[in-house]
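Data block below; observations after.
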Amino acid sequence: MNYQDFLSSKMQLSGEHGFDPLWLPDFLFDFQRELVTWATRKGRAAIFADTGLGKTPMQLVWAENVVRKTGGRVLILTPLAVAWQTEREAKKFGIDARVSRDGAIDKSQILITNYERLHYFNRDDFVGTVCDESGCIKNFDGVRKAAVTEFMRMQPYRLLCTATAAPNDYIELGTSSEALGELGYTDMLSRFFKKDSKIHVLQDIHKGGKYHLRGHAVRDFWRWVCSWARACRKPSDIGGKDGAFILPPLTAREHVVKASTLREGWLFDMPAVGLQEQREERRRTLKERCEMAASLVNGTGKPAICWCHLNSEGDLLTRLIPDAVQVAGKDTDEHKETTFQKFCDGEIRVLVSKPIIAAFGLNFQHCAHQTFFPSHSFEQWYQAVRRCWRFGQKNPVVIDVISSEGERDVLRNLQRKQDAADAMFTSLISMMRDSLKVAIEPYKGIKEEVPAWLR
């Protein structure tokens, strides 16, 4: 590689490439139409909209506008097993979009694939790319982040969509900005952040230090984020009407099981301290927790999802629940997609899977009951719950959280993260809304006074 090739490999396509939308269909809600209009005019943008707010129709309409404007192709990247659902939504809305798993290109100008198959596609065949659940590229040194950023680097049209862009995860904002061709992650750090080992807000792994947002740069930082991103948890956050997006009640019921055997060397159960003890506690109470989950699901005759984290948990749940079907990491993509489709269509009553496999991007509004074994991952908890508790859900949703006496600290930590996330996202919405306003003080006609020494 010569020096010119090296420079080209680091270069992003510059300039504004947006345009006024050519097509805004009636099936979009007012707030969705506003977001699509903004993202199309921007050309390269991010939509951080909560689960159930219709990111799939918005990204499909955005892609259709790019196709109609340029005559080129758009690639939609999705999490594993979500591609078929996007294709189904496209058919429902009358948009020509097709799943491609091997990089094959036909007459369809909007192609859909999952992130794991990106290497089959040639970036020069596309003028635009959509990243569904773009939070998966948040790791600064992640292989997926590097592959996606490189694929989109010279494309004029780019759209990132996610529901769980962590408001306090500035690393994710930096990698999203870089993927869109805005400030790179390192440039973002140098402009808005200050290194401080005493304030544990943002850790830069490669530089061995921790960063916090400069006090005088808070307003400028959010104004910069607003230049390429929009965030909302409900339509009213951007001036829409909540209406049908007001969800039915959500109830989380806590169940604490007692282990049939004590920890070696202990006379009674105590909270597990540290990850090692918590892992041991999870395995020691596996039978009791799975039996509790099965007792809550068996015999109801209603759809249910049983979330697990260990393969042994999934295997035992499947044995204890006669009409349950498990989706595990070892299964083929075809098996996963077929099982998810059958569950959506009501052919399977109970789905058993891990949040890391089935909790991102899938729509299970027909189901209103889940069992969940808690972990420290708030993202997995939030995404798992929102598979069912989302727009289109007609019934109250019940989440049975099953833990042991030793896992009470895990539950408390999860609740702490829930409260912190709610507070941070509320602050994010408020700061972004304020940053978009330009306050102009009206002239009040105050009479000028001439200083005495000028009289």
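The values are calculated or read from the model by the stated rules, or taken from the named source; none is laboratory data. All figures in this text were calculated on a predicted structure; none of them were measured in a lab. Cβ atoms come from the backbone with ideal geometry, glycine included; neighbour counts cover every protein chain shown.
Restrict the check to the stretch 47-61 and report whether at least one residue is part of a strand (DSSP E or B) and modelled with pLDDT of 95 or more.
no
Restricting attention to the stretch 62-85, which residues are part of a strand (DSSP E or B) and either aliphatic (A, V, I, L, M) or on the phi > 0 side of the Ramachandran plot (or both)?
Val74, Leu75, Ile76, Leu77
Name the residues in the stretch 371-413 that are among the basic types (Lys, Arg) and either over 16 Å from the mean Cα position of the chain (by Cα) or not assigned by TED's automatic domain parsing to the domain that holds Thr318 (or both), would you?
Lys394, Arg408, Arg412
For the list (1) crowded, with 17+ Cβ neighbours inside 10 Å; (2) closer than 28 Å to Ala49 by Cα, I need the number of the one condition that Lys342 fails.
Going through the list (1) crowded, with 17+ Cβ neighbours inside 10 Å; (2) closer than 28 Å to Ala49 by Cα, Lys342 breaks only (1).
Looking at Val99 and the list (1) closer than 26 Å to His17 by Cβ; (2) in contact with a strand residue (DSSP E or B) (Cβ under 7 Å, 6 or more places away or on another chain), which single condition is not satisfied?
(1)
Out of all the residues in the stretch 87-110, which are at pLDDT 90 or above, touching a helix residue (DSSP H, G or I) at 6+ places or on another chain (Cβ under 6 Å) and either within 16 Å of Phe360 (Cβ to Cβ) or among the acidic types (Asp, Glu) (or both)?
Glu89
Is at least one residue of the stretch 363-375 in contact with a helix residue (DSSP H, G or I) (Cβ under 6 Å, 6 or more places away or on another chain) and surrounded by fewer than 22 Cβ atoms within 10 Å (Cβ to Cβ)?
Checking the stretch 363-375: not a single residue is in contact with a helix residue (DSSP H, G or I) (Cβ under 6 Å, 6 or more places away or on another chain) and surrounded by fewer than 22 Cβ atoms within 10 Å (Cβ to Cβ).
Restricting to the stretch 384-420, and then to whatever is within 19 Å of Ala49 (Cβ to Cβ) and out of contact with any Asp or Glu (no Cβ under 9 Å at 6 or more places or on another chain), can you tell me which residue is surrounded by the fewest Cβ atoms within 10 Å (Cβ to Cβ)?
By that ranking, first place goes to Gly392.
Among what's in the stretch 309-339 and is under 19 Å from Gln370 (Cβ atoms), buried (at least 19 other Cβ atoms within 10 Å of the Cβ) and not aliphatic (A, V, I, L, M), pick the residue that is farthest from the chain's Cα centre (by Cα).
Per the stated criteria, the residue is Thr318.
Just one of (1) of a type outside the set (Ser, Thr, Tyr); (2) without any contact (Cβ under 8 Å) to a residue 60 or more places away in the chain; (3) out of contact with any His (no Cβ under 7 Å at 6 or more places or on another chain); (4) assigned to a helix (DSSP H, G or I) trips up Val352, so point out which.
(4)
Going through the stretch 309-318 one residue at a time, which ones are part of a helix (DSSP H, G or I) and touching a residue at least 40 places away in the same chain (Cβ under 8 Å)?
Answer for the stretch 309-318, where residues must be part of a helix (DSSP H, G or I) and touching a residue at least 40 places away in the same chain (Cβ under 8 Å): Glu313, Gly314.
For the subset of the stretch 334-393 comprising residues that are of a type in the set (D, E, K, R) and under 29 Å from Thr285 (Cα atoms), which member is modelled with the lowest pLDDT?
Out of the qualifying residues, it is Glu379.
Only one of these is more than 30 Å from Val130 (Cβ to Cβ), of a type outside the set (Asp, Glu) and touching a helix residue (DSSP H, G or I) at 6+ places or on another chain (Cβ under 8 Å): Val325, Val297. Name it.
When all the criteria are applied, what remains is Val325.
Give me the pairs: first residue in the stretch 111-134 and modelled with pLDDT of 90 or more, second residue assigned to a helix (DSSP H, G or I) and hydroxyl-bearing (Ser, Thr, Tyr), beta-carbon distance under 8 Å, and six or more apart or on different chains, which are they?
Ile112/Thr86; Thr113/Tyr120; Val127/Thr70; Gly128/Thr70; Asp132/Thr56; Asp132/Thr86
Pull up the stretch 95-113, narrow it to residues that are among the aliphatic types (A, V, I, L, M) and assigned to a loop (DSSP other than H, G, I, E, B), then point me to the one that is surrounded by the most Cβ atoms within 10 Å (Cβ to Cβ).
Ile95
Checking the structure you have, find out if any residue of the stretch 402-424 is without any contact (Cβ under 8 Å) to a residue 12 or more places away in the chain, over 30 Å from Asp220 (Cα atoms), assigned to a helix (DSSP H, G or I) and not aliphatic (A, V, I, L, M).
There is at least one residue in the stretch 402-424 that is without any contact (Cβ under 8 Å) to a residue 12 or more places away in the chain, over 30 Å from Asp220 (Cα atoms), assigned to a helix (DSSP H, G or I) and not aliphatic (A, V, I, L, M).
State all residues of the stretch 283-308 that are surrounded by 18 or more Cβ atoms within 10 Å (Cβ to Cβ) and not in a helix (DSSP H, G or I); if no residue qualifies, say none.
The answer is Thr285, Pro303, Ala304, Ile305, Cys306, Trp307, Cys308.
Could you tell me which of the residues Leu317, Leu310 is at negative phi and touching a strand residue (DSSP E or B) at 6+ places or on another chain (Cβ under 7 Å)?
Of Leu317, Leu310, the one residue that is at negative phi and touching a strand residue (DSSP E or B) at 6+ places or on another chain (Cβ under 7 Å) is Leu317.
Consider Lys210 against the criteria (1) more than 29 Å from Arg386 (Cα to Cα); (2) loosely packed, with under 15 Cβ neighbours inside 10 Å; (3) at pLDDT below 75: it satisfies all of them except one. Which criterion is unmet?
Among (1) more than 29 Å from Arg386 (Cα to Cα); (2) loosely packed, with under 15 Cβ neighbours inside 10 Å; (3) at pLDDT below 75, the lone unmet condition for Lys210 is (2).
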